[in-house]
Amino acid sequence: MREIPEQRNLVLILARAFAAQLATAVFLLDPEGTVIYYNEAGERLTGRPFIEGAGESIDEWMTRIRPRDEEGLDVGVQDLPLGTTMLKQEPAHGIVIFTTVYGAYLRIETATFPLFAHTEDLVGSFTLCWPIEEDLP
């Protein structure tokens, strides 16, 4: 049984409300790397409804999507734009190839930025993703 989530910071509440209105896939993670929200476009991109992905850790997420770089080499979270944002608390952008739930490869462009409640008070990350190419060789 899932635990009842703790009360979220206002910045995350507003980010979620904004993300829900976007046609572009958005993923919100807390500072520990737990998925706390993704919108309908994110559901289409991942092939999974939010209710199934909510609460996943970044490690679970990485195991499932198996991200790769442009050369097809596996990459760790620290090498992804999201990793840069979480570790260095700065915006990042890049291209990532991942495996969908259907086993297809999907090249996405992603831009991610940290969310702060106050200076030096990281409350999460906001990641935009849009597909570039599907079913890569």
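Values quoted throughout were computed directly from the atomic coordinates according to the rules given, and no laboratory measurement underlies them. Note that the structure is predicted; figures quoted are calculated from it, not measured. Reconstructed Cβ throughout: ideal geometry from the backbone, glycine too, with neighbour counts over all protein chains shown.
In this structure, Met86 does satisfy being free of Cβ contacts under 8 Å to residues at least 60 places away in the same chain, touching a Pro at 6+ places or on another chain (Cβ under 8 Å) and either of a type in the set (Ser, Thr, Tyr) or not in a strand (DSSP E or B) (or both).
Note on the stretch 31-43: residues that are in contact with a strand residue (DSSP E or B) (Cβ under 7 Å, 6 or more places away or on another chain) and not polar (S, T, N, Q) total 7. Exactly one residue out of Phe98, Phe116 is touching a strand residue (DSSP E or B) at 6+ places or on another chain (Cβ under 8 Å), under 24 Å from Ala17 (Cβ atoms) and assigned to a strand (DSSP E or B): that is Phe116. Taking the criterion of being of a type in the set (S, T, N, Q) and in contact (Cβ under 8 Å) with a residue 60 or more places away in the chain, the only residue of the stretch 15-38 that qualifies is Thr24. Gly42 passes every criterion in (1) farther than 20 Å from Val123 by Cα; (2) surrounded by fewer than 18 Cβ atoms within 10 Å (Cβ to Cβ); (3) small (Gly, Ala, Ser) apart from (2).
With Gly76, Gly83 as the choices, which residue is within 15 Å of the chain's Cα centre (by Cα) and either surrounded by 17 or more Cβ atoms within 10 Å (Cβ to Cβ) or closer than 21 Å to Glu133 by Cα (or both)? Checking each option against the conditions leaves just Gly83.
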